[in-house]
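The values are calculated or read from the model by the stated rules, or taken from the named source; none is laboratory data. Quantities reported herein were computed from a predicted structural model and do not represent experimental measurements. Here the Cβ positions follow ideal geometry from the backbone for every residue, glycine too, while neighbour counts run over all protein chains shown. Calculation scope for accessible area: heavy atoms of the full protein, side chains included, ligands and nucleic acids excluded. Shrake-Rupley method; radii C 1.70, N 1.55, O 1.52, S 1.80 Å.
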Amino acid sequence: SLGSYVFNGIYVAVYYLPGTTGWGTTFGGRPTGLWDPQVPCTYTNSNGTITITKYIGSGGAVNIPSTINGLPVTSIGSSAFYYCTSLTSVTIPNSVTSIGSSAFWGCTSLTAITVDGLNSAYSSVDGVLFNKSQTTLIQCPGGKAGSYTVPNSVTDIGTYAFYDCLWLTSVTIPDSVTNIGTYAFYDCTRLTSVTIPDSVTSIEGAAFGNCLSLTSVAIPDSVTSIGDYAFFGCNSLMSVMIGNSVTSIGNSAFRGCTSLTSVTIPDSVTSIGSSAFWSCTSLTSITIPG
């Protein structure tokens, strides 16, 4: 028994151990959740399978268990490790077949995501998370530093794949890649160079947004569309070469590129979105062919 005002003024969740009773969805106005000593996290049980909803530990190296209370851990929910900046590594068991899109966002000290080799849905190479066949790069850990070369098996750099990878300085993309997803490199603030091969046909919205150190980019002839906010806020971007197959430049595509001085629009472009070059305060010349 605990009195009504035991946690008065403490605005945190209250967790209880398996097997205890008397706990509802709130305690004294504070949310409650089940604490498991194997992994400091909250989780839900749905039809006999466990989804980890929120990690609440101190970080470091975390091994996600394959079972909790005898039930299989099959999912890591969206934002489960969101901005856990003290997390250094995570090991995913073979039981997990679903990982939420923002599960490891903002984990800026995370250097390795390791997947059990028997996992049927996911795999890892050099600490980077892929689908099982390694055709989609799902998540580069936020603490990965220096240069990185995407494996030749990859065809799709997924949504948020390199989001908030603050320590990456350069990325080489192989000829196998055809798509660079939404927010793929967003907020990679130290990224100075990226190689986009001729195989890429689409650069989706905000793909390189807020890449503050990116100085130049060449968009190959294979690309047909530049998404909304694709290079938004790249304030060190001084030059851009737009390929001859691009038909559309999205809304705010180069908005806030304050170092960009000149742009040449190719013949192929038939649509330029609103605010595409808004606040490009150094832009003195735009060339549009006859």
Efficiency of FRET from Cβ geometry, Ser170 and Ser259, R₀ 30 Å, rounded to 0.05: 0.95
In nm, spacing of pseudo-spin labels at Thr20 and Val6 (7 Å Cα→C-beta vector): 0.7
Cβ charges +1 (Lys, Arg) and -1 (Asp, Glu), total dipole of the stretch 128-284, debye: 340
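Considering only protein heavy atoms, what per residue accessible area in square angstrom results for the chain with a 1.4 angstrom probe? Before the final figure, lay out the partial values.
On the way: 12650 Å² over 290 residues.
Here the per-residue accessible area is 44 Å².
How big is the C-alpha Rg of the stretch 155-208 next to the rule-of-thumb value 2.2 N^0.38 Å, as a ratio? Write down the numbers at each step before the final one.
Values: Rg = 10.2 Å, N = 54, 2.2 N^0.38 = 10.0 Å.
Normalised Rg, Cα atoms only: 1.02.
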Solvent accessible area, Å² - Lys132, 1.4 Å probe, full protein context: 90
Nitroxide proxy distance, nm - points 7 Å out along Cα→Cβ at Arg190 and Ala218: 2.6
Accessible surface of the chain, 1.4 Å probe, proportion on carbon and sulfur as whole %: 51
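Assuming R0 = 22 Å, can you tell me the calculated FRET efficiency for the pair Val125 and Asp198, based on Cβ-Cβ distance, to the nearest 0.05?
Details: r = 24 Å, r/R0 = 1.09.
The computed FRET efficiency comes out at 0.35.
I'd like the projected area of the stretch 51-200, averaged over all directions, using the convex hull of its alpha carbons. Report it in nm² with one decimal. Please list the in-between numbers first.
On the way: hull surface 31.9 nm².
Over every viewing direction, the Cα hull of the stretch 51-200 projects on average to 8.0 nm².
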Rg and Dmax of the stretch 221-263, Cα atoms only, in Å: 10.2, 27
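Need one number: the % of Cα-Cα pairs in the chain sitting beyond the 25 Å mark. Before the final figure, lay out each step's value.
Working: 22415 of 41905 pairs.
Tail fraction, whole percent: 53.
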Distance histogram in 10 Å bins (all Cα pairs of the stretch 45-129, percent per bin): 19, 55, 25, 1
